[in-house]
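In what follows, a single structure is set out as structure tokens and then discussed.
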Amino acid sequence: MSCSTPGPTRRPPWSGPSRVGSSERGGGVTMFHVNHEPGAEIHHTDPFAVPTGQRSPVRRLRGRLAAPVTLWTAPGPAGLTVSSTLVAEGEPDRLLGLIDAESDLWAAIEEAGRFAVAPLGPPHRQLADRFAGLFPAPGGLFATGAWTDTPYGPVPADAGGWVGCRLDTAREYGWALLVEATIEAVDLAEEASPLLHYRGRYHELPG
């Protein structure tokens, strides 16, 4: 994602389980969370986390805002787990999001001028961790699972649909990169329960 690097210490550009680093190197650090996939649980809390009373009030506020977990991909392919995604209806319809300016995803979006966004559901916890750099990806991020090729980037075949976006502009916004795009394609599957991120953990809506 290419802007000048803002400062020596960067906060995560999304309220997700990782800093959202490079799509291949999965760089960055952040909070541990509970992944309820069998055998994948690490810690209930991050043993290195800053004590609650010492955390930035803004960071704590951000953690209290439940956010949808989405997967952004671009031709290359490259991908990143993102939960700072917003859709704005209009003429044209637009999509905005905060991503890491140093990630492979941004480099791919910048080169292709387009990208895909797919909402993830509860079955995608491990996939979300993989693209956030928190779960091993032997053979590459796209080596496992079923994928549907689109002109905007590959999307999980079992996702609840996807949107294809044309990049309009991007600029530094806080410690992240604010990406603004025009929605050019929408392909919705059957409605599915969303995967949410709240206070450092994944959650799903009660059945």
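Quick notes
- Output for segment 158-173, where each listed residue is assigned to a strand (DSSP E or B) and charged (D, E, K, R): Arg166, Asp168, Arg171, Glu172
- Residue in segment 141-157 that is of a type outside the set (A, V, I, L, M), in a helix (DSSP H, G or I), in contact with a Ser or Thr (Cβ under 7 Å, 6 or more places away or on another chain) and touching a residue at least 60 places away in the same chain (Cβ under 8 Å) present: no
- The residues in segment 187-207 that are in contact (Cβ under 8 Å) with a residue 60 or more places away in the chain and under 18 Å from Gly160 (Cα atoms) can be counted, and the count is 9.
- Tally, over segment 104-142, of residues that are among the small types (Gly, Ala, Ser), open to solvent by 20 Å² or more (accessible area, probe 1.4 Å) and under 11 Å from Thr81 (Cα atoms): 1
- Meets criteria (touching an Asp or Glu at 6+ places or on another chain (Cβ under 7 Å) and of a type in the set (Asp, Glu)) for Asp104: yes
- Only residues that are closer than 12 Å to Glu180 by Cα and open to solvent by 60 Å² or more (accessible area, probe 1.4 Å) were counted in segment 93-103, giving 2.
- Positions within segment 143-161 being among the aromatic types (Phe, Trp, Tyr) and open to solvent by 40 Å² or more (accessible area, probe 1.4 Å), in sequence order: Trp147
- A single member of Leu195, Leu167, Leu178, Leu188 is open to solvent by 10 Å² or more (accessible area, probe 1.4 Å) and modelled with pLDDT under 95, and it is Leu188.
- For segment 73-84, the candidate set comprises residues that are at pLDDT 95 or above and open to solvent by 10 Å² or more (accessible area, probe 1.4 Å); within that set, the residue that is farthest from Phe135 (Cα to Cα) is Pro75.
The values are calculated or read from the model by the stated rules, or taken from the named source; none is laboratory data. None of the values given here were measured: they were computed from a predicted structure. A quick note on method: Cβ atoms are made from the backbone with ideal geometry, for glycine too, and the neighbour counts reach across all protein chains shown. Protein only, heavy atoms only, side chains kept; ligands, DNA and RNA dropped before computing areas. Shrake-Rupley method; radii C 1.70, N 1.55, O 1.52, S 1.80 Å.
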